[in-house]
Every structure is written in C-alpha cells, then in structure tokens.
Amino acid sequence: MLPTDDVLARAAGLEGTQKGARLLIERALATNLLRNEPEWFTHEGYFSNVHGHNCAHDSVLRRVSPTPDQRSYELLYYWSCNHVENQEPIDYQQKCNELKEVKQMVDKNVAVHYRETIALLMRCKRRHIFTNKNIGLHSGSSSY
C-alpha cells in the first residue's frame, strides 16, 4: 500500500530539513489548505488577520504555520483543535520541563531533537494564547 509516485521521496526530503517531533507540511499542500486564508501563509499575516475569513476558533487551519526558517510548514499539534468536555488543557510548561529533563539524559545528537520539540511547543503556546486573546476566548487556566 505504499505510494507509487514521488510522495515517499518528497516526504523523506522534507523530513531531512527539520529536527524535533514535528508534523511537516509541504508548501504546495499548505497553499492548498490555506487557500481561503492566504494571509496565513506568513506569521505576520496570521497575527495581523487572526479572525481570517470567518474561520472557526477550533479549525485545524489555525495550527498550520510556517516553520521558523520559512522553508516549509508545520502543524502546531500540541495545541489541540478539539474542545472535549472536561478535557484538561495542555500544561505547556510542564511538558517543556519533562522534555528538558529527558534532553539532559541523552547524547547531544539526540538532544537537538528535544530542543527543537520544546521550541515547537512554545510556538504552539504563543499562537494558542494570541488566538484566544484576540478572538475573545479566555481559558482562565494557569496551564499556559
């Protein structure tokens, strides 16, 4: 059931461009996903037009973001799209602290992946807080 076209080769090439636990999205797919929110192709565009074109707060599109080096896109997957009743919000600081502890116990070649995953977590947190604040949602939680 493996793809017969160049999908596997493109995925392997994309994987080699970034470190850390990420879900990378190639530029063409991100362009297609954000076709109704073209401002969101950049960080600046998202922050200046957070409301988008009537995009729901819990839309996964809010989690599609350029990577820091602007070479591709990533899904800010720590920020959950689903609002399940009684679901505990993610405690970003606790998760970062756990990853930092593990990072101290591994070889430097592995530690870079933990460092980059922590950075991803912080990007999730920043966009999550910014979005909630600017579209009128407040969690009241100290877990941010």
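The values are calculated or read from the model by the stated rules, or taken from the named source; none is laboratory data. The structure displayed is predicted, hence computed values, not measured ones. Cβ atoms come from the backbone with ideal geometry, glycine included; neighbour counts cover every protein chain shown.
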(1) closer than 22 Å to Ile135 by Cα; (2) assigned to a helix (DSSP H, G or I); (3) out of contact with any Pro (no Cβ under 8 Å at 6 or more places or on another chain) all hold for His51 apart from (2)
| said: Would you confirm, using the coordinates I've provided, whether Tyr114 is among the hydroxyl-bearing types (Ser, Thr, Tyr), closer than 25 Å to Ala12 by Cα, at pLDDT 95 or above and in contact with a helix residue (DSSP H, G or I) (Cβ under 6 Å, 6 or more places away or on another chain)? | reply: yes
Within segment 84-108, the residues that are surrounded by 10 or more Cβ atoms within 10 Å (Cβ to Cβ) and at pLDDT below 90 are Pro89, Ile90, Asp91
Pairing a residue in segment 104-131 that is among the charged types (D, E, K, R) with any residue that is surrounded by 15 or more Cβ atoms within 10 Å (Cβ to Cβ) and part of a helix (DSSP H, G or I), where Cβ atoms lie under 7 Å and the two sit 6 or more apart in sequence or on different chains, gives Arg115/Lys103; Lys125/Tyr92
Query raised in the report: Going by the structure shown, is Ser48 touching a helix residue (DSSP H, G or I) at 6+ places or on another chain (Cβ under 8 Å) and touching a residue at least 24 places away in the same chain (Cβ under 8 Å)?
Result: no
Just one listed residue, out of Glu44, Glu39, is within 21 Å of Gly136 (Cβ to Cβ), acidic (Asp, Glu) and at pLDDT 90 or above, and it is Glu39
Being closer than 21 Å to Gly136 by Cβ, in contact (Cβ under 8 Å) with a residue 24 or more places away in the chain and under 13 Å from the mean Cα position of the chain (by Cα) narrows Leu75, Leu61 down to just Leu61
Of those in segment 20-44 that are out of contact with any strand residue (DSSP E or B) (no Cβ under 8 Å at 6 or more places or on another chain) and crowded, with 16+ Cβ neighbours inside 10 Å, the residue farthest from Thr67 (Cα to Cα) is Glu37
